[in-house]
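First, the structure itself, so that you have it in front of you.
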Amino acid sequence: MELVGFLIVFPLVIAVILSFVRSDTARTYLVIIPAVIIAAASIALYVIYGSQGSTYFTFSSTIVDIVCIIVSIAIGAIILVYGFRYKRILPIVLGAVQLIGSLIFDFAFGHGIDVSRSLYVDGLSLLMVLIIGIVGSGICVYALGYMQDFQAHEPNDAPDRRPIFFALMFLFLSAMYIIVLSDNMTWMFAGWEITTLCSFLLIGYTKTEEAIDNAFRQINMNLLGGIAFLVALYVCAIGFETLSFKDFLEIGSSRPNLVIMPVIALSIAGITKAAQMPFHTWLLGAMVAPTPTSALLHSSTMVKAGVFLLVKLAPIFVVCPIASTLVVLVGGLTFMLCSFMAISQTNAKRVLAYSTIANLGLITACAGVGTPEAVWAAMLLILFHAIAKSLLFLCVGTAEHHIGSRDIEDMDQLFQRMPKLSRFMMLGIMCMFIAPFGMLIAKWGALVALIDMHQAVLLILLAFGSAATFMFWAKWLGKLAGIAGTQENIEGSVFVSEWVSIGLMAVLIALCCLCLPLISIYMVDPYIVSSYAYAGISDGMVSSAFDGTIDVDDLWLASIACVFAFIVMFAGLGRTKSRQVGVYLAGISADNANRVFRDSLSGETIATARNWYMTEAFNEDRLSWLGTVVCIILEAAFFIVGCVTLGIF
């Protein structure tokens, strides 16, 4: 239990210290050393408890409950202050509703309910701990060099707010540990709201008008999710007299009609945090923030909190068709429509944003299906998406600083200009959609699970969304693979901290792909067996010998194939002696260096390659509007159904 407490408290202490440190040298040590410690502690927690199934720790909740009350008041006050400062009515109203609702709950209903076993670890929480501790810490290290570059491009009179930036990054890690390690739902709610506030402050970091608008969009939508979470707390405290998430799952699995309302409320909270339609626009707006913020929000924190909650609820979804239908439809529609919208994007970070929302939609749909096979796919999707998307965001951020653009069409000859970075970027892209890398294996697992459950509608959504996924990733990969040219290498000025973090993500991808069978056998499968067993589901939906959706031998074959892929990708990296030859232009060259040739009419033509984005067919505004309207109707209708069932039962 001491190690669990350490992972929660230590990043918080570092955050407080970093908020006062203004020296670059001191900040470097205070980020790198704690990041290594957090990663090591996360690995140690898995080594100790990874083979023990679900482990719960007895801990008196009185003091922490008081802290949670103080946190709720502080978060509400900060939101109200910013709302009044920028004259935003909606966050003032929503913030006041949540603050008043939290205080009434804490003093009138929650204070008398003691959760003796407030902390726990299981396979899913340990998976999240590793993602937070290794990927999240790696992003913090990357931010050292990136933010130094970022500050150098700011006006001379601009204040240096990097102390607050790094403090918020580590506070994020602490809040995420609270969410994934707390069985006490009030503690989980406190961590939930801390991530919302940190995200608001990080998105608005530059304080431009665009940044402020997007920060308030995020806070408005996530406050709605927070209020939905609070509704579930009220029902659990009043109706079931428990705030233990484990107890709630057991009640829901044995008597699903009793928990329709709180499960739908928690589902809406998870959908909001995971940026599913109609709440997807807040994550797109997060792109205005510095790249480390985008990477942290999209990979190891914030959005993963949403899908973590939904996957935890999977044992209830499998016996509660009303809530399951909502989650499956919203996730499936989001996956397909956001994959379509990604096709029409040229901005690399916007492609990554839509890809994130789409993949979170697939994870959400798998959680909503609720079967062990679907949860197997969801957990692997969470893992590989976190690592690959972190790698891609970091690569795009570094490329943008060195070529002056994040537009995919401006990445011509990037393979010559930044050969190492291009290889890492290509690795991240291939991991997202090409066999034998883990992401596609997990998607295949999702497909198998849906076929077994005869989910025809979701299968159609998955098929069309996957086709769109192939198209937008293949366009980007083709642009990076175009190596004709003699451009000068410009990646010598990349900060060491950036290379360390990018290299870490690439190594993690390689290790996870090579060890995929072991991850399935020793991390994912035991969680599924234990979680469905304690949830009381023993009617054949899961057996004690559950060994994953895909045969282990097939997973080993995929791992072996990955070895050859990595050799092809990186075997020539670091070669200093390479023969430069002119570009063959299939005609009379006029300017080889700039790829200009004389055409058949004796005119000069530039040899270029440009992608087709089909903006008319996959119009972003039209598809976004369609998904928003449909999902609002779905979520409102199912919430009303939940309210009705609450009155009935």
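Cβ-Cβ distance below 6 Å, separation of 6 or more or different chains: which pairs start in the range 35-51 with a residue that is in contact (Cβ under 8 Å) with a residue 60 or more places away in the chain and end on one that is hydroxyl-bearing (Ser, Thr, Tyr) and crowded, with 18+ Cβ neighbours inside 10 Å?
Ala35/Ser137; Ile38/Ser137; Ala39/Ser137
Return the only residue of Ile113, Ile178, Ile194 being touching a residue at least 60 places away in the same chain (Cβ under 8 Å), open to solvent by 20 Å² or more (accessible area, probe 1.4 Å), at negative phi and in contact with a Leu (Cβ under 6 Å, 6 or more places away or on another chain). First the steps, then the outcome.
Working: Ile178 fails: in contact with a Leu (Cβ under 6 Å, 6 or more places away or on another chain); Ile194 fails: in contact with a Leu (Cβ under 6 Å, 6 or more places away or on another chain).
Selected residue: Ile113, the only one of Ile113, Ile178, Ile194 that is touching a residue at least 60 places away in the same chain (Cβ under 8 Å), open to solvent by 20 Å² or more (accessible area, probe 1.4 Å), at negative phi and in contact with a Leu (Cβ under 6 Å, 6 or more places away or on another chain).
Kindly check whether there is at least one residue in the range 575-591 that is at pLDDT 60 or above, over 30 Å from Tyr120 (Cβ atoms) and under 28 Å from the mean Cα position of the chain (by Cα).
no
Say whether the condition of being under 30 Å from Ser254 (Cβ atoms), small (Gly, Ala, Ser) and open to solvent by 10 Å² or more (accessible area, probe 1.4 Å) is met by at least one residue in the range 306-317. Talk me through it step by step, then tell me what you get.
Step one: of the range 306-317, the residues under 30 Å from Ser254 (Cβ atoms) are 306-317.
Now narrow it down to the ones that are small (Gly, Ala, Ser): 306, 314.
Now restrict to residues that are open to solvent by 10 Å² or more (accessible area, probe 1.4 Å): none.
Within the range 306-317 (the criterion being under 30 Å from Ser254 (Cβ atoms), small (Gly, Ala, Ser) and open to solvent by 10 Å² or more (accessible area, probe 1.4 Å)), the answer is no, since none of the residues qualifies.
Would you confirm whether any residue within the range 336-349 is closer than 20 Å to Pro256 by Cα, in contact with a helix residue (DSSP H, G or I) (Cβ under 6 Å, 6 or more places away or on another chain) and open to solvent by 10 Å² or more (accessible area, probe 1.4 Å)?
Taking the range 336-349 and keeping what is closer than 20 Å to Pro256 by Cα, we get none.
No, the range 336-349 has no match at all.
Among the numbered criteria (1) surrounded by 16 or more Cβ atoms within 10 Å (Cβ to Cβ); (2) farther than 30 Å from Leu144 by Cα, which single criterion is violated by Tyr522?
(1)
Then there's this: How about the range 428-474: which of its residues are within 20 Å of the chain's Cα centre (by Cα) and on the phi > 0 side of the Ramachandran plot?
none
Starting from residues that are of a type in the set (Gly, Ala, Ser) and open to solvent by less than 10 Å² (accessible area, probe 1.4 Å), keep the ones in the range 318-332 and report whichever is nearest to Glu209 (Cα to Cα). Please lay out each step first, then the result.
So the first thing to find is which residues in the range 318-332 are of a type in the set (Gly, Ala, Ser), and the list is 323-324, 331-332.
If we keep only those that are open to solvent by less than 10 Å² (accessible area, probe 1.4 Å) as well, we get 323, 331-332.
On the way: Ala323: 39, Gly331: 32, Gly332: 34 Å.
Only one residue tops the list, namely Gly331.
So the check is Cβ under 7 Å with 6+ separation or different chains; which pairs have a first residue in the range 266-295 that's on the phi > 0 side of the Ramachandran plot and a second one that's part of a helix (DSSP H, G or I)?
Hits for this filter: Ala275/Trp282; Ala275/Leu283; Ala275/Val303; Ala275/Ile357; Ala275/Leu360.
A further question follows. Which of the helices (runs of 4 or more DSSP H) found entirely inside the range 370-489 contain at least 3 residues meeting this: within 21 Å of Val328 (Cα to Cα)? Before you say what the answer is, go through the steps one by one.
Working: elements: 372-403, 414-417, 419-433, 438-452, 456-481.
Qualifying helices (runs of 4 or more DSSP H): 372-403, 438-452, 456-481.
So is Cys236 in contact (Cβ under 8 Å) with a residue 12 or more places away in the chain, surrounded by 23 or more Cβ atoms within 10 Å (Cβ to Cβ) and over 28 Å from Phe10 (Cβ atoms) or not?
Details: in contact (Cβ under 8 Å) with a residue 12 or more places away in the chain: yes; surrounded by 23 or more Cβ atoms within 10 Å (Cβ to Cβ): yes; over 28 Å from Phe10 (Cβ atoms): yes.
Yes; evaluated as a whole, the condition is true for this residue.
May I pose another question? Answer with yes or no whether Ala388 is more than 23 Å from Ala143 (Cα to Cα) and among the small types (Gly, Ala, Ser).
no
Something else about it: For the range 12-31, check the following and say yes or no: at least one residue is touching a residue at least 40 places away in the same chain (Cβ under 8 Å), of a type in the set (D, E, K, R), open to solvent by 60 Å² or more (accessible area, probe 1.4 Å) and not in a helix (DSSP H, G or I).
Looking through the range 12-31, at least one residue is touching a residue at least 40 places away in the same chain (Cβ under 8 Å), of a type in the set (D, E, K, R), open to solvent by 60 Å² or more (accessible area, probe 1.4 Å) and not in a helix (DSSP H, G or I).
Determine which member of the set Leu383, Leu392, Leu447, Leu459 is more than 25 Å from Leu326 (Cα to Cα) and out of contact with any Ser or Thr (no Cβ under 8 Å at 6 or more places or on another chain). Step through it out loud before you land on a result.
Numbers: Leu383 fails: more than 25 Å from Leu326 (Cα to Cα); Leu447 fails: more than 25 Å from Leu326 (Cα to Cα); Leu459 fails: more than 25 Å from Leu326 (Cα to Cα).
Sole residue among the options that is more than 25 Å from Leu326 (Cα to Cα) and out of contact with any Ser or Thr (no Cβ under 8 Å at 6 or more places or on another chain): Leu392.
Looking at (1) more than 30 Å from Val500 (Cα to Cα); (2) within 13 Å of the chain's Cα centre (by Cα), can you tell me which one Val303 breaks?
Looking at each condition in turn, Val303 falls short on (1).
Something else: Here is a check on your reading of the model: is Ser199 in contact (Cβ under 8 Å) with a residue 12 or more places away in the chain, buried (at least 24 other Cβ atoms within 10 Å of the Cβ) and of a type in the set (Ser, Thr, Tyr)?
On the way: in contact (Cβ under 8 Å) with a residue 12 or more places away in the chain: yes; buried (at least 24 other Cβ atoms within 10 Å of the Cβ): yes; of a type in the set (Ser, Thr, Tyr): yes.
In short, yes.
Let me ask something else. Is there a residue being surrounded by 15 or more Cβ atoms within 10 Å (Cβ to Cβ), of a type in the set (D, E, K, R), at pLDDT 80 or above and closer than 30 Å to Met471 by Cα anywhere in the range 601-619?
No: zero hits.
Here is a follow-up. Report yes if some residue within the range 488-496 is of a type outside the set (D, E, K, R), open to solvent by 20 Å² or more (accessible area, probe 1.4 Å) and modelled with pLDDT of 85 or more; otherwise report no. Full working, then the answer.
Restricting attention to the range 488-496, the residues satisfying the condition of being of a type outside the set (D, E, K, R) are 489-490, 492-496.
Now drop any that are not open to solvent by 20 Å² or more (accessible area, probe 1.4 Å), which leaves 489-490, 492-493, 495-496.
If we keep only those that are modelled with pLDDT of 85 or more too, we end up with 495-496.
Within the range 488-496, one or more residues are of a type outside the set (D, E, K, R), open to solvent by 20 Å² or more (accessible area, probe 1.4 Å) and modelled with pLDDT of 85 or more.
Could you please find all residues in the range 38-77 being part of a helix (DSSP H, G or I), farther than 24 Å from Trp187 by Cα and open to solvent by 60 Å² or more (accessible area, probe 1.4 Å)?
Within the range 38-77, the subset part of a helix (DSSP H, G or I) is 38-49, 62-77.
Next cut, farther than 24 Å from Trp187 by Cα only: 40, 47.
Listed by number, the list holds a single entry, Val47.
Listed here are the residues, each with its yes/no results for (1) hydrophobic (A, V, I, L, M, F, W, C); (2) modelled with pLDDT under 90; (3) farther than 21 Å from Ile78 by Cβ; (4) open to solvent by 20 Å² or more (accessible area, probe 1.4 Å).
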position: Asn214; (1), (2), (3), (4): no, no, no, no
position: Leu224; (1), (2), (3), (4): yes, no, no, yes
position: Ala228; (1), (2), (3), (4): yes, no, no, no
position: Lys246; (1), (2), (3), (4): no, no, yes, yes
position: Ser254; (1), (2), (3), (4): no, yes, yes, yes
position: Pro262; (1), (2), (3), (4): no, no, yes, no
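Could you tell me which residue of the range 119-160 is surrounded by the fewest Cβ atoms within 10 Å (Cβ to Cβ), considering only residues that are touching a helix residue (DSSP H, G or I) at 6+ places or on another chain (Cβ under 9 Å) and in a loop (DSSP other than H, G, I, E, B)?
Applying the first criterion (touching a helix residue (DSSP H, G or I) at 6+ places or on another chain (Cβ under 9 Å)) to the range 119-160 yields 119-151, 153, 158, 160.
Cutting the leftovers down to in a loop (DSSP other than H, G, I, E, B) gives us 122, 153, 158, 160.
Working: Asp122: 24, His153: 8, Ala158: 11, Asp160: 12.
Only one residue fits best here, namely His153.
Among the residues of the range 1-23, count how many are of a type outside the set (A, V, I, L, M) and in contact with a helix residue (DSSP H, G or I) (Cβ under 7 Å, 6 or more places away or on another chain).
Step one: filter the range 1-23 for residues of a type outside the set (A, V, I, L, M), giving 2, 5-6, 10-11, 19-20, 22-23.
Now drop any that are not in contact with a helix residue (DSSP H, G or I) (Cβ under 7 Å, 6 or more places away or on another chain), which leaves 6, 10-11, 19-20, 22.
Count: 6.
State whether the residues of the range 284-294 include one that is among the hydroxyl-bearing types (Ser, Thr, Tyr), open to solvent by 10 Å² or more (accessible area, probe 1.4 Å), in a helix (DSSP H, G or I) and within 27 Å of Glu209 (Cβ to Cβ).
Let us first name the residues in the range 284-294 that are among the hydroxyl-bearing types (Ser, Thr, Tyr), namely 291, 293-294.
Okay, now just the ones that are also open to solvent by 10 Å² or more (accessible area, probe 1.4 Å), so none.
No, the range 284-294 contains no residue that is among the hydroxyl-bearing types (Ser, Thr, Tyr), open to solvent by 10 Å² or more (accessible area, probe 1.4 Å), in a helix (DSSP H, G or I) and within 27 Å of Glu209 (Cβ to Cβ).
The values are calculated or read from the model by the stated rules, or taken from the named source; none is laboratory data. Just so you know, these numbers come straight off a predicted model, no measurement behind them. No Cβ is skipped: glycine too gets one built from the backbone with ideal geometry, and neighbour counts run over all protein chains shown. Surface areas here come from the heavy atoms of the whole protein model, side chains and all, with no ligands, DNA or RNA. Shrake-Rupley method; radii C 1.70, N 1.55, O 1.52, S 1.80 Å.
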